[in-house]
1. Positive end of the dipole of the range 686-841, charges at C-beta (+1 Lys, Arg; -1 Asp, Glu), about the Cα centre: which of Gly821, Ala833, Met751 has its Cα farthest in that direction?
2. In whole Å, how far is the Cα centre of the range 87-156 from that of the range 327-389?
3. If you fit an axis through the alpha-carbon atoms of helix 786-795 and take the longest principal axis of the Cα set of the chain, what angle between them do you get, 0 to 90°, nearest 10?
4. How big is the gap, in Å, between the Cα center of the range 168-229 and the Cα center of the range 787-812?
5. If you project the alpha carbons of the chain onto their three principal axes, what span does each projection cover, largest first, in Å?
6. Report the relative contact order of the range 131-244, percent, no decimals, based on alpha-carbon pairs under 8 angstrom and at least 6 residues apart.
7. With point charges of +1 on the Cβ of Lys and Arg and -1 on the Cβ of Asp and Glu, referenced to the Cα centre of the chain, which listed residue (Tyr360, Leu259, Ile568) lies farthest in the positive direction of the dipole?
8. Count the DSSP beta bridges whose two residues both fall in the range 431-557, then state the antiparallel fraction as a percent rounded to the nearest 5.
Amino acid sequence: MSRSIFPKPPKFAHVRREPGYGWEGMRVSDDSEKDFDDGQEWSEESVESAGGDILIEAASDDVADFDLVDVPDVLPVLPLKNVVLFPHMVSPLLVNTVRSKHLIDEVAESDTRLMVCSAVKHTVEGSPGPDDVYAVGTVLRIIKMIRFPDNSYRLLVQGIARVAIDSFLPDEDFLRGNVRVLHDVGDRESVETAAQVRNVSQQFASLVSESPRLSDELHMLAASLDDPSRLGDLVTSNLDLDVAGKQQVLETTSIEDRLKDVLAELMRQRDAMEIETEIRDKVQTEMGRSQRDYMLRQQLEAIRRELGEVEDDQAEADRMRERIEAAMMPEEAHKQAMRELQRLEQAPPAAAEHGVIRTYLEWMTDLPWQHQSEDRLDVRAARALLDEDHYGLEKVKDRIVEYIAVLSLKKDLKGPILCFVGPPGTGKTSLGRSIARALGREFGRISLGGVRDEAEVRGHRRTYVGALPGRFIQCLRKAKTRNPVLVLDEIDKVGADTRGDPSSALLEVLDPEQNSEFSDHYLEVPFDLSSVLFIATANIIDPIPPALRDRMEVIELPGYTLEEKVEIAKRFLVPRQIEQNGIENIEFELPDETLRVLCERYTHEAGVRSLEREVGSVCRKIARQVAEGEISGPVKVMPDQLFDLLGPVKHEPDLAEQGSQPGVAVGLAWTPAGGDILFIESTQMPGSGELKLTGSLGDVMKESVEAARSWLRSHSDNFEIAAERFESSDIHLHVPSGAVPKDGPSAGVGMVTSLASLYTGRVVRPKVAMTGEITLRGKVLPVGGIKEKVLAAKRAGIECVVLPEKNRKDVAEIPSELLQGLDLQFVGTINEALSRTLAQA
């Protein structure tokens, strides 16, 4: 079935002229991207000079003959890229793909020479398919066809009617579809239509006169049209519209709606052209004394300001305003952010200040002013999580459980400021992570080791290039909550120089009474840190300034005992190293006796870092043997196999020897790696009463020897020591391991015991160790590190430990199972100490 349209012959046919195209605006079909060369014409001379053959040439009056054109129900569909063709228009086309040429060949052989051209929706690879073209196109008739030597076709086509492509038929060569003619809807003779026609004609005439791109004959052609539908199509085809915009007009069948859309686009383009002209004039008046690059910058700025291309900047400002409102800042911070936003809107995008302000606002809006994570307030569950991650450390766990218990009763409780002090490798940092997990909070870590710049804490002022907030604000931005657990690692290693003292800046951060209004130099507004749970870590407490130490609750983490290390290795270290070294599929076992040998002979530390490295080394050796096929079954590493796997032992434990020589005593010392025993040896020789000290002794320890000798000399009668011996003999006191510096007052009891044993000839009782500071009055004063010293004594096989009476309270913190087999003697005077350390004469 076919339909007859256009009962009246049309009065015009227009060949589209557009700059930038050859052959009077030649368009390229399908997926070809070539245009015709400028200056080519449709004349026979031009065709012959180019070596082309004219295959089809309609009669001169056939171009305008639309009378009784029959449109078949099925027509080939030719996809067009970047172009929309309208009814009544005469347009050139270039066809050079095999698929499109097959379509043209079939159309050229037909009686009607009709086909449908439809615009391609988007960029496609290869030939467009049914889903790639619009469902509304234009029926075209070939009125002239030329084949050139490169086997490409140049066509002159005439638009006939709008059609809807209802469906596509299967065809291997090209697209073919069922089409339906779309008739115009609306009253062509109404008053409203006539008014719209006049407005469109006037606006189009003005646009043609103002635009150098449009030919003046278009104005005359448009004025001669009395058909509103064809006027709309003519104007649209010559407007600077993209494919989607022209396709929308093509799909509009209502004459009134089509003219409205065309009129709106005409007015928009006229306004844009007027502003463009105004900007050009403005720039030209300013460029007299400027160089060309300055003119270009000004023109770009004028375009952005006048043409509305600053919409991106305005959109950015609007987005930033939304972010400020969504951040729920306090009133002072909100006012500051809004002031900076106003400055951002006024600052030129090319100005350096624009980027500085934008970065500041991004920091302000990214901070968690009100957002905080919900605490997990189940005391038992929190304790179970802490026990799951760490073995021992009961004092720390109890403190955290107490905090959770109080927090469950008092919701607005300020976060405590804890400081974990202990040797390296005792789990201080990892304990902070476990606390965050138990509380259900985010975790952050700030390394303070080696920090010497106050700006690391308070941030830089924005006047500096590359300024940033301090580490605390940065960490909160990363955590995205205002109540994380922040670990301040190595707080005892904070330094100071000409850039300020970070320790002084930390005073505000770690003061619960002040940190609710912490002031960062970059933000310039207070930020509330009172909900943060701060946990500082340190190896020793002495380097921390007293004012800073006073703000923290110090919790000591002593070194692990041998039994604790073995248990930690079994629960955590060995399973982790088995997984990391890929030997989960074999039955690998390190029995307790092997772990003890690793702890005692291959490591010498208070923590477990070196122990994990040694366990990892054993696992790697086993993994290599598994990979080489040497072993495949269960593996149980016994102590005698460690030599083959790890080599000779690295540490021989110091063992207390049976006392058989006067002048030798066993002291106890604290080291960063835990406790250790200390041998004190003294001998005498004829001389003049001189005292010689060796063993890398510090000043305090030397003074302890002097005090011990003076006390013995003043109490020589009590020990039946002849007074002349102090003047007629020289004393040499030595502490072995001379390469290791030693200092501190706690060896006083050991010094006086060694000298008393030397002068009296009474040996020190076997397997007895001692510690304590002495005075010239004969008092024994308390010392620190009692737990580490007692554990060192037990490891060395000591059976009796002499301690100051005032350290009795410190022993209460040592688990009772660790004291089994130890006789603890508490003394308050030197006489009491000597009565328990020296054997009877």
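Read-outs: derived from the displayed coordinates by stated rules, not from any lab. Everything quoted here is computed from the prediction, not taken from an experiment. For neighbour counting, all protein chains shown are included, and Cβ atoms are generated from backbone atoms with ideal geometry for every residue, glycine included.
1. Gly821
2. 59 Å
3. The helix 786-795 is inclined about 70 degrees to the chain.
4. The distance from the Cα centre of the range 168-229 to that of the range 787-812 comes to 104 Å.
5. Principal-axis extents of the chain (Cα, largest first): 148, 69, 56 Å.
6. Working: 111 pairs, mean separation 17.2, N = 114.
Once divided by the residue count of the range 131-244, the mean separation gives 15 percent.
7. Ile568
8. 25 percent
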